[in-house]
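Visitor: Below you will find the structure I want to go over with you.
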């Protein structure tokens, strides 16, 4: 009797638990899981028409089309370059700035606020500023070009000029946009390291670089890892950044990203292709998943070696 | 290595306009003999740790000098002083193994002192063996008990053979049983290495039980330095007398008249060779003799039997504090009345102090 009693309570307990979870689960299911499955299905439905809800057949044609589309390949290339450059550079720069912020005494709060300001600034407003800095117009060469000229070099059109110049602007822009958050997180991570470890290291005559690499870095490594993972995911999903600088016709300027391609396939000038958009979205999902899994494996392996 | 402090003073400046400066250590001037275990004793916040931090170089003295042997080390940075410090919460690097923690100070050595990996490992093994953790070299600090972590911390401080070993409240994070065990261990390690060791504690029993000498301080001011038993038997002032001993010394408001000591109306001692007037009279708990016609009349509150000791708790109108605790051996315990008790007091356990300055008065 006691046994069944316990069991009954067990079921009841589980039920209550599920009931508590229900609102969140319903929300996640409706807005996350269902669309994900739907996109997955669309990506295999050839020639899907969202108005009539009809399609010709089922197969891998959408993927084959997307993977052969030069615009998509350009978008993938752009996205990868953006990820590979901006994630390490922004993380290392943020770490250096946080170390500097942590070591100053006076005006620390002021500098922290200054470094955090870009985070609360509108992306498009920042884009506008970048335009002013980099764009070449009939009236002016842009601030950066004026500086370049002052050093006796030839000015470049960063917004409509060669590919590498445009990519440089986009990378600088993305790095500048993501740094405030990283600096904020890293500054608090550095401050959370117990100063007693630094005292102990000082008594033992540990050099500053050794303190940094042997004590500080291992102690904040979980935070750095978090920033790298979220940085990768964020950079893979970059879109508004490119729009802010190069305008909405990204295919024409050759600066499209994967998310930009998906958007264009749905709503852009050549839009109205939900099947292609879905296939591209699933490919992006696969890429992000793979990178994150690789990150986790690398992380676990280094954690064991430590 | 002998450690000499000369007029050592540390003043922490006021943090803002509202607070005032704090004199953490005030004119410390004493010598710690070579190869001894010294307990630096005082209530919380009296500047003990500051003294320790100044000796190892983590804090810079406001004025005064510190000598290691003949060398003035006051302006020498901490890493060149050759002092080892064991922190209160051990400060072991959590991401490193025990072996890596212990070899960490050795890896910092440069130039002629530089050691090969084998030498470092060998030294770490020796230090670990000394503190008996040689079987745990590949564990991380998080996987060890508090006592084991404490040993690792001591091994890390010892591995570079410091001239002076400093310990900041080494036992305060351990439970009662482990504390007893570890303090014997500290004594053993100190004797085995012969390194001059200074440890800070607020626990007088801890300091009394293992130190060769104890230094008592209060509010940043040096009070007394001597062998533990001598400080207990012969305190220089009322603070030291009250601070040492459990149960604490019983303090009465007393007066001297015609070479006799009175507590209230009761004449408790004769032949007191000091001038007439009020005094503080301290009587150690073991200074009471239970006697039917004893001189000191008290009201009985209760009898506590704690292990081998029996203590009689009583009150007297002239006492300070909440009650009088006297320790009586169990055989002598014969109580005739339920509400009053009378004691004779032992002359050797009765200490007199000046009423104003609280300085000890010798009355023989």
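Visitor: Nearest 5 is fine: what % of DSSP beta bridges in the protein assembly as shown come out antiparallel, could you say?
Guide: Details: 63 of 82 bridges.
So the antiparallel bridges in the protein assembly as shown amount to around 75 percent.
Visitor: Per 0.36 nm of contour for each residue apart, how much would the distance between residue A:116 and residue A:297 grow if the chain were fully extended, relative to their Cα-Cα spacing?
Guide: Values: separation 181, 0.36 × 181 = 65.16 nm, distance 3.21 nm.
That pair, residue A:116 and residue A:297, stretches by 61.9 nm at full extension.
Visitor: Provide, as a two-decimal number, the C-alpha radius of gyration of chain A over 2.2 N^0.38 Å, N being how many residues it has.
Guide: On the way: Rg = 25.0 Å, N = 306, 2.2 N^0.38 = 19.4 Å.
For chain A, the normalised Cα radius of gyration is 1.29.
Visitor: Could you pull the Cα extents of the stretch B:250-361 along its three principal axes, largest to smallest, in whole Å?
Guide: Principal extents (largest minus smallest coordinate, Cα): 40, 25, 23 Å.
Visitor: I need the calculated FRET efficiency for the pair residue A:32 and residue A:147, taking r as the beta carbon distance and R₀ as 41 Å, to the nearest 0.05. Could the numbers behind the result be given before it?
Guide: Values: r = 47 Å, r/R0 = 1.14.
Efficiency computed from Cβ-Cβ geometry: 0.30.
Visitor: Can you pull the mean other chain C-beta count within 10 Å for peptide B:154-160? The partial results should precede the final answer.
Guide: Numbers: counts 0, 0, 2, 3, 0, 1, 3.
Neighbouring Cβ atoms belonging to other protein chains average 1 per residue here.
Visitor: Computed on alpha carbon atoms, what radius of gyration and Dmax characterise the protein assembly as shown, expressed in Å?
Guide: When restricted to the Cα atoms of the protein assembly as shown, Rg and Dmax are 38.0, 123 Å.
Visitor: Moving to a separate point now. Round to a whole angstrom and tell me the spacing of the C-alpha centers of the stretch A:193-210 and the stretch A:117-133.
Guide: For the stretch A:193-210 versus the stretch A:117-133, the Cα centre distance is 40 Å.
Visitor: Quick one: A:156, A:87, fewest Cβ neighbours within 10 Å first, how do they rank? Let's see the in-between values first.
Guide: Working: A:156 20, A:87 23.
With the sparsest Cβ surroundings first, the list reads A:156, A:87.
Visitor: Related question: Using R₀ = 35 Å, calculate the FRET efficiency as 1/(1 + (r/R₀)^6) where r is the Cβ-Cβ separation of residue A:109 and residue A:221; round to 0.05. Spell out each step's value before the answer.
Guide: Numbers: r = 27 Å, r/R0 = 0.77.
Working from the Cβ atoms, E equals 0.85.
Visitor: Take B:208, B:161, B:217 and order them by how many other Cβ atoms sit within 10 Å, fewest up front. Let's see the in-between values first.
Guide: On the way: B:208 20, B:161 12, B:217 25.
So the ranking, lowest neighbour count to highest, is B:161, B:208, B:217.
Visitor: Per-residue Cβ counts within 10 Å, from other chains only, averaged over A:213-222: what number is that?
Guide: Details: counts 0, 7, 4, 0, 1, 4, 3, 0, 1, 0.
Partner-chain Cβ atoms within 10 Å, mean over residues of A:213-222: 2.
Visitor: Shifting gears a bit: Using the scaling law 2.2 N^0.38 Å as the reference, what is the normalised Cα Rg of the stretch B:3-237?
Guide: Numbers: Rg = 18.0 Å, N = 235, 2.2 N^0.38 = 17.5 Å.
Normalised Cα radius of gyration, the stretch B:3-237: 1.03.
Visitor: Next up: Hey, with R₀ at 22 Å, roughly what FRET efficiency would residue B:271 and residue B:209 work out to, going by the Cβ-Cβ distance, to 0.05? Walk me through the numbers on the way to the answer.
Guide: On the way: r = 35 Å, r/R0 = 1.59.
FRET efficiency, residue B:271 to residue B:209: 0.05.
Visitor: Based solely on its DSSP helices, what 222 nm [θ] is calculated for chain A when runs of n ≥ 4 H residues each add -39,500 (n - 2.57) and the sum is averaged over all residues, nearest 500 deg cm²/dmol?
Guide: That comes out to -23500 deg cm²/dmol.
Visitor: Any idea what the relative contact order of the stretch B:247-333 is, in percent, if you count C-alpha pairs under 8 Å spaced at least 6 apart? Before the final figure, lay out the partial values.
Guide: Values: 173 pairs, mean separation 24.8, N = 87.
Relative contact order for the stretch B:247-333 comes out at 29 percent.
Visitor: For the stretch B:169-207 and the stretch B:313-364, what is the centre-to-centre distance using only Cα atoms, to the nearest Å?
Guide: Taking the Cα centre of the stretch B:313-364 as reference, the centre of the stretch B:169-207 is 32 Å away.
Visitor: Okay, helix-only estimate at 222 nm for chain B: each DSSP H run of n ≥ 4 adds -39500 (n - 2.57), divide by all residues, round to 500 deg cm²/dmol; what do you get? List each step's numbers first, then the result.
Guide: On the way: 9 runs with 87 residues, N = 364.
One gets -7000 deg cm²/dmol as the mean residue ellipticity at 222 nm.
Visitor: Rounded to whole Å and ordered largest first, report the semi-axes of the equivalent ellipsoid of the stretch A:173-306 derived from its Cα gyration tensor (root of 5λ).
Guide: Details: eigenvalues 353, 61, 18 Å².
Over the Cα atoms of the stretch A:173-306, the ellipsoid semi-axes are 42, 18, 9 Å.
Visitor: Within a 10 angstrom radius of each residue's Cβ in A:201-212, how many Cβ atoms of other chains show up on average? Whole number is fine.
Guide: Whole-number average of other-chain Cβ neighbours for A:201-212 is 6.
Visitor: Could you check what % of the DSSP bridge pairs in the stretch B:3-237 are antiparallel, to the nearest 5?
Guide: On the way: 19 of 38 bridges.
Rounded to the nearest five, the antiparallel share is 50 percent.
Computed from the coordinates by the stated procedures, all read-outs in this text should not be read as laboratory data. These numbers come from a predicted model, not from an experiment. Neighbour counts run over all protein chains shown; Cβ positions are idealised from the backbone, glycine included.
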